[in-house]
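Notes follow once the structure below has been shown.
Just so it is clear, none of the values below were taken in a lab; they were calculated from the coordinates. Note that the structure is predicted; figures quoted are calculated from it, not measured. Because the Cβ atoms are built from the backbone with ideal geometry, glycine has one as well, and the counts that use them run over all protein chains shown.
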């Protein structure tokens with residue numbers, strides 16, 4: 001069975017995110033005051049073949065641990081569609 | 001001759017010729033090793049040069065670490081063999097888990113290409129044994145993702161074990177603890193963001209890179225090489 005999944009990869013909390021900081025500093029110029037905590041990450045979409053939703057989730061998590069995210073600096077979240 | 005060096009070439013590597021020229025000028029014999037190889041030729045030392053291996057897609061070094069040759073590089077390292085990763089090679093070794101930490105985007109979000117001053121903080125390392133303790137070296141950097149990071153607990157262990165060989169005297173990229181070059185726990189695998197191979201000739205403005213590369217070559221047993 002095919003399962004669609006979305007992986008969100010973010011820098012871990014506490015790790016400086018210069019992209020997020022730059023975006024945050026740019027927002028007031030467009031008139032958006034009071035925005036804080038901007039973090040920029042990446043989104044990976046994929047389809048996996050698995051027996052059950054649990055298996056699909058485990059498979060994607062394994063991919064994240066081994067490849068899609070770098071556990072030293074990044075955290076990830078898997079959402080099945 | 002002072003040793004035989006295998007220079008690993010990934011699709012997207014672009015410093016392999018600079019490495020060959022610098023290492024051979026220091027007396028080494030060099031061989032290119034294509035990333036699809038599953039074994040290494042008879043070499044004392046393995047160098048992973050700079051560039052953009054596999055386009056640096058996903059993350060720098062993330063795909064290169066799965067290249068077939070990396071199994072042989074890991075075996076070489078696990079057997080105590082000398083391995084050096086320069087710039088993108090450093091990123092690959094971190095992704096492969098052969099070196100601690102990871103390389104983040106530069107804190108200023110700029111690609112930086114310029115000379116930097118480095119301080120040798122461990123001249124007991126085989127990668128800096130030709131240097132005096134605390135010696136300053138002038139070597140260029142050329143990277144966007146060179147801001148080294150590891151978790152605080154690991155940094156404590158790294159410092160206690162004297163694994164930081166090179167530090168920036170003026171941190172250009174936000175690297176944790178000013179780290180420019182670090183070894184694994186055993187001390188036989190070394191990664192650095194600066195490019196020593198670009199500072200080995202009088203015309204390059206500094207020959208300080210030869211201190212690093214020469215130190216590394218000193219680890220190899222003397223041997224005669226047949227002219228190929």
| message | Distance between the C-alpha centers of segment B:1-58 and segment A:19-81? Whole Å please. | response | 34 Å
| P(r) tail for segment A:2-80, what percent of Cα pairs lie past 22 Å? | 39 percent
| Taking a quarter of the surface of the convex hull around the Cα atoms of segment B:31-144, what do you get in nm²? | 8.0 nm²
| Label-point gap, in nm, between residue A:81 and residue A:46 - each point 7 angstrom along Cα→Cβ | 1.5 nm
| Förster radius 41 Å - calculated FRET efficiency between residue A:27 and residue B:25 (Cβ-Cβ, nearest 0.05) | 0.20
| remark: Residues B:185, A:24 in order from fewest to most other beta-carbon atoms within 10 Å are B:185, A:24
| query | Under the Kirkwood approximation for Rh and a Cα-based Rg, what ratio Rg/Rh is obtained for segment B:4-218? | reply | 0.92
| Simple spin-label model, 7 Å along Cα-to-Cβ: residue B:156 to residue B:32 in nm? | 4.7 nm
| query | For the protein assembly as shown, what proportion of DSSP beta bridges, expressed in % and rounded to the nearest 5, is antiparallel? | reply | 70 percent
| query | How crowded by other chains is B:65-76, given as the mean number of beta carbons from other chains within 10 Å of each beta carbon? | reply | 0
| Which order do B:13, B:204, B:4 fall in if you start with the one that has the fewest other Cβ atoms within 10 Å? | B:204, B:4, B:13
| task | Mind sorting B:16, A:62, B:37 by how few other Cβ atoms lie within 10 Å of their own Cβ, fewest first? | result | A:62, B:37, B:16
| task | Kindly provide the pair-distance distribution of the protein assembly as shown built from C-alpha pairs, with 10 Å bins from 0 and whole-percent values in order of increasing distance. | result | 6, 26, 32, 21, 10, 4, 0, 0
